[in-house]
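**Q** This is the structure I want to talk about, given as structure tokens.
The values are calculated or read from the model by the stated rules, or taken from the named source; none is laboratory data. It should be emphasised that the depicted structure is a prediction, and the values quoted were computed from it without experimental measurement. A quick note on method: Cβ atoms are made from the backbone with ideal geometry, for glycine too, and the neighbour counts reach across all protein chains shown. Heavy atoms of the whole protein, side chains included, go into the accessibility calculation; ligands, DNA and RNA do not. Shrake-Rupley method; radii C 1.70, N 1.55, O 1.52, S 1.80 Å.
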Amino acid sequence: PRPAPDLLLMACRRLGVRPEETVTFTHSPAGVAAGLAGGLVVIGVAAGEDGEALLGFGAERVVPAVGTLLPRALAPSSEPRM
């Protein structure tokens, strides 16, 4: 269980990627700790005070939602899909 990085490191091994070339997204302080312990780049997903807390735990960056990182053409839309 987090904050141990075992699960993240196993995923990296199975995907054939080096942890230092991998990003993990998390909403919890334990997730930040796990990512940092595994050598991954950590992006927090939270808003307001929760986001500030994740920065305090060592997240490199905090975004309010993962969709904010997507190009506009790929971002979720409230329009119905055809």
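**Q** Out of the stretch 2-42, which residues are under 11 Å from the mean Cα position of the chain (by Cα), assigned to a loop (DSSP other than H, G, I, E, B) and among the small types (Gly, Ala, Ser)?
**A** Residue satisfying the conditions is Ser28 alone.
**Q** State yes or no: is Ala11 out of contact with any Gly (no Cβ under 9 Å at 6 or more places or on another chain), among the aliphatic types (A, V, I, L, M) and touching a residue at least 24 places away in the same chain (Cβ under 8 Å)?
**A** no
**Q** Regarding the stretch 53-72, can at least one residue be identified that is surrounded by 15 or more Cβ atoms within 10 Å (Cβ to Cβ), more than 10 Å from the chain's Cα centre (by Cα) and at pLDDT below 95?
**A** No: zero hits.
**Q** Among the residues in the stretch 37-49, are any farther than 16 Å from Leu69 by Cα, open to solvent by 90 Å² or more (accessible area, probe 1.4 Å), of a type outside the set (Gly, Ala, Ser) and modelled with pLDDT under 95?
**A** Yes: the stretch 37-49 contains one or more residues that are farther than 16 Å from Leu69 by Cα, open to solvent by 90 Å² or more (accessible area, probe 1.4 Å), of a type outside the set (Gly, Ala, Ser) and modelled with pLDDT under 95.
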